[in-house]
Every structure is written in C-alpha cells, then in structure tokens.
Amino acid sequence: MDRAPGLSVRLKLTLSYAGFLMLASVLLLAAVWVFLLRYVPDRAMLINPDDRPANGVFPVRSALLDVFAPRAAAVLAFLLVFGLVGGWILAGRMLAPLTRITDAARLASTGSLSHRIRLPGRKDEFRELADVFDGMLERLEVHVAEQQRFAANASHELRTPLAISKTLLDVARSDPTRDTGEIIDRLHAVNTRAIDLTEALLVLSRANQRSFTREHVDLSLMAEQATETLLPLAEKHGVTVETSGDISLAIGSHALLLQLTTNLVHNAIVHNLPEQGTVWVNTSVRFNSVVLTVENTGEKLTTETASTLTSPFQRGTGRIHTDHAGVGLGLTIVETIAHAHDGTLTLTPRSGGGIRIAVELPAVSPHTDRSGEDSGS
Ligand SMILES: Nc1ncnc2c1ncn2[C@@H]1O[C@H](COP(=O)(O)OP(=O)(O)OP(=O)(O)O)[C@@H](O)[C@H]1O
Ligand SMILES: [Mg+2]
C-alpha cells in the first residue's frame, strides 16, 4: 500500500494504548511509593539537616529508594513493551474491517462495481459504514448497467434509419431507371425518424441534467395547449379528447412540462382503440401537490405490462421495428421530466382497457415568490 508519509492510524492507536498504560503505571507506582513512605521513618527529619550523613546514619528512605527504583524501572519497561505489542495487536484487530472497506473502495475506484464488502458480525459503526457502502455500490452498478443498456439501444435505434437510408441509396445508384420520387419519399420519412429520435435523446439529456430555469407553470394551461395542438391527430384517429380541471400551479420548466403533457396526450391518442376512442385529460390540486391525469380507452393491459412501458425503447409488447412505430422514448421522457421536477408517475391499467397515467408534482407553496427562484434549481 502506498500511503503518504505520516503515522498510520494503527501506529497512533498503539502509541496511545502504550502511552495510557505507561501513565497509569507511573501513577500506580507513585501511589505505592507514597503508601510505603508512611511506614518508613524518615530519620533525616530528626537530625540537624546541616550535618546529615556525617555521623554515619543513612536515612531509611534513600535505602528504600535504592531498592524500589530499579524494580519500578523494570516493571515500567516490561509494561511499555507489553503496551506496544498488545496495542499493536488490538489496533490491528479493531482496524481490520476498515482494511476490507478500503480494499472495496479501491476496487470500486478502478471501475469494478460488482465487489461487495458484506462485513459479518454485529451492527457497529464499521458494519454500518460497510452496509451503506454496499448499498451505494449496488445502486451505482444498476445505474451504470442501465446507462450502458440505454446507450446500446440508442445506438441500435439510430443505426436502423441510417442503414435503411444506405440501402435506399444503394438501390438508387445500382438501378438508375428506378423511380427516384418513391426513393426520395422513403428517404425523407426515414430521415424524419432519425431526427425525431435524436431530438428525443436531446430532450432526455436536458431533463436529466436538471439545469432548466424554473417558473410557475399552470398544468391546466399545458393540458389545453397540448390538446389543441394534437386535435388534428385526434380527429384523424377518430378519438374524442375531453379536458377538465382546475388551475394547478407547479414550479418547473414550461417547455419540459409542455413536452410531458404533449407526450401523454399523444400516446393516449395513438395507442387508443382503432375507432371511437376517448381521452380524458384532467388537472387537480391536492393538499400539497398538483396532479395531471391522462386516461384513455384502448387495448387491455396487465399491471406488469404497464409497469414496463416507461423503459426506454419499449413499445407495447416488445421492441418492434417498423417505419411507423414510435421511437419508444415518449414515456421515458415523461418519467425523466417528472422526476426532474421532484414528481412521480403512476401507470394504472383501466379495467375496461386502456390506461390511466397520473403525474403528481409538488404544488407551489404560498411562500414562494412569483418567479419560483427560491425553490432552488
Ligand atoms: N396511453 C397509452 N395507452 C396504451 N398504451 C400506451 C399508452 N402510452 C404508451 N403506451 C404503450 O407504451 C409504449 C411506449 O410508449 P412511448 O411513448 O414510450 O413510446 P412510443 O409511443 O411507442 O414512441 P414515441 O417515443 O414516439 O412516443 C407504446 O408503444 C405503447 O405500446
Ligand atoms: Mg409515445
């Protein structure tokens, strides 16, 4: 182990143990000495201090000291060695868990996140630290795996339109007699899809960074705007959209919350019944939160399916690739935006088919100023 020069904790603990042992021993010996003195007559006090040893009478105390001092020194020397050795062993045992934690931290710092400390024994301070560390490693590992899966999926999704474009271009080049109009149309569609995907990825990363400016946003206004924009699409799909609810003030990014609402209403329209579907958009105020719910008729869904829909690139029953399918990031974006606003997303299948999606965001407290600046960023 390459440690910067300085006393290790083990050495410091050892020196403290030995130091305390020495102090206690010196105090004890001093007490013994004082105790002994009470039973030894001090003749030096009886004679004239000026002609003390001249008459050949030695004070008894000095004789006692001659006997006591070397033995006391021997005891002290023994206790010093005993303190140092014992302290070294004890400190080593005390610090052993710390070594395990350090080893795990060192492994993690080199990128190996699968290692766990799993410290055995009773719950003490070290065990608590180790458990917290294990928990952190677990979450990091899951998060990193998620990111890697996401990057792999995103690359795969981006490659698809590029590969289709290449095939179309190859066809055009190898067969000049072919109708270029059709190829251009298909290229246009494929290109639009690639742009949609890239834009979805950009929105996702912006929401993830949480670096947007916050302002007061009325969710009922968002719902109105989103439905208005999507009305032509709803008509095309034969879907009726009903909006209702109160003014519901939240704090956040106007653009991101509009994106969230639009994604939800868009989904409710396109993943609806083939005809005569209905979408209900509602906003409401609760005790200290505001809720936006988007509910639609549609195919029957199980609770398990519903819970997987927010995963990136998840489309209904699986990862289907057709030119007409969505990107599969709509709900992932909704969830990310909701979390970036300290909110929650709940998906509940409706018993008659379709789904009810609720986004709950913290309500504006009466103490925040109009700009919402004091809510932090
Ligand atoms: N309101 C809804 N009703 C029924 N199914 C839905 C609803 N919203 C989403 N889904 C299902 O969840 C899947 C994932 O939705 P998501 O919005 O993430 O992707 P998408 O709509 O397929 O593509 P895009 O990224 O273009 O929106 C959809 O493919 C659909 O099967
Ligand atoms: Mg969608």
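The values are calculated or read from the model by the stated rules, or taken from the named source; none is laboratory data. Since we're looking at a predicted model, the values are computed, not measured. When we count neighbours, we look across all protein chains shown, and the Cβ atoms used for this are built from the backbone with ideal geometry, even at glycine. Remember, those area values only see protein heavy atoms, side chains included, never the ligands or the DNA or RNA. Shrake-Rupley method; radii C 1.70, N 1.55, O 1.52, S 1.80 Å.
I'd like to verify a number: residues in the range 199-220 that are surrounded by fewer than 14 Cβ atoms within 10 Å (Cβ to Cβ) and either in a helix (DSSP H, G or I) or free of Cβ contacts under 8 Å to residues at least 60 places away in the same chain (or both), how many? Here the count works out to 5. With respect to the conditions (1) open to solvent by less than 10 Å² (accessible area, probe 1.4 Å); (2) over 18 Å from I333 (Cβ atoms); (3) away from ligand 2 (no atom under 16 Å from the Cβ), W280 falls short on a single one, namely (1). Note on the range 221-260: residues that are farther than 27 Å from R210 by Cβ, outside any helix (DSSP H, G or I) and aliphatic (A, V, I, L, M) amount to 2.
Regarding T283, is this residue assigned by TED's automatic domain parsing to the domain that holds T336, more than 12 Å from ligand 1 (Cβ to nearest atom), outside any loop (DSSP other than H, G, I, E, B) and in contact with a Gly (Cβ under 6 Å, 6 or more places away or on another chain)? Answer is yes for this residue. Looking at the structure I just gave you, is S311 within 28 Å of A189 (Cα to Cα) and either out of contact with any Pro (no Cβ under 6 Å at 6 or more places or on another chain) or assigned by TED's automatic domain parsing to the domain that holds S351 (or both)? Answer is yes for this residue.
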